[in-house]
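Peer 1: First the structure, then my questions, so here it is.
Here, each number is a calculation from the coordinates, and none is a lab measurement. Computed from a predicted structure; not experimentally measured. Every residue, glycine as well, gets a Cβ built from its backbone with ideal geometry; the counts of neighbours run over all protein chains shown.
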Amino acid sequence: MRHTAQWWSERVAEFAQTGDARAVARRHGVKERTLVWWRSELRRRTREGSGPGPRLLPVVVSASPPHMAAVPVDELEVFVEVGAARMTVRGAVSAAHLAALVTASARTC
C-alpha cells in the first residue's frame, strides 16, 4: 500500500517526538530507512516551497553624493552604534574622520 505525503509527515512528526526511527517504522510496518528518507524529502519540499530567496534590489553607486542641505556646525550631532560600541559626535566632523571612527569601533579588542 502506498502512503501519501501527509501520512509520512505524521510518521516523521512521531519520529521527531520519540527520536526512535526503528520503533516508529516497526509500529507502522514500514522500513526504517524509508522513514528517514521521507524526513529528508519533506524537509526538501518545505525548503523549495518557501519560495525564492531574498529579493534583491538594484543599487546605484554615484561618484558624488547627492546635495544635502547645509547644517550649521554647532547644530550637527551624529550618533554611531556598532555592536556594543556607541558614540555621539558633535560639531564639525569630516566624512573621513567619521569613517575612521566607525571602522575603529567595529574592530574587536
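Peer 1: Would you calculate the separation in nanometres between label points at Thr18 and Ser62, each defined as 7 Å from the Cα along the Cα-to-beta-carbon direction?
Peer 2: Output for this residue pair reads 6.5 nm.
Peer 1: Also, quick follow-up: Kindly write out, for the stretch 87-104 in residue order, the coupling ³J(HN,Hα) from the Karplus curve 6.51 cos²θ - 1.76 cosθ + 1.60 (θ = phi - 60°), rounded to whole Hz, with x marking Gly and Pro.
Peer 2: 9, 10, 10, 10, x, 6, 9, 6, 4, 5, 5, 5, 4, 5, 5, 5, 4, 5
Peer 1: Arg45 to Ala99: extension gain in nm, 0.36 nm per residue of separation minus the Cα-Cα distance?
Peer 2: Fully extending the segment from Arg45 to Ala99 adds 14.9 nm.
Peer 1: OK, next. For the residue pair Ala85 and Met1, what label-to-label distance in nm results when each label sits 7 Å from Cα along the Cα-to-beta-carbon direction?
Peer 2: That separation, rounded to one decimal, is 6.6 nm.
Peer 1: If you don't mind, there's one more thing I want to ask. Beta carbons within 10 angstrom, averaged per residue: use that to sort the peptides 3-12, 93-102, highest first.
Peer 2: Answer by packing, highest mean first, reads 3-12, 93-102.
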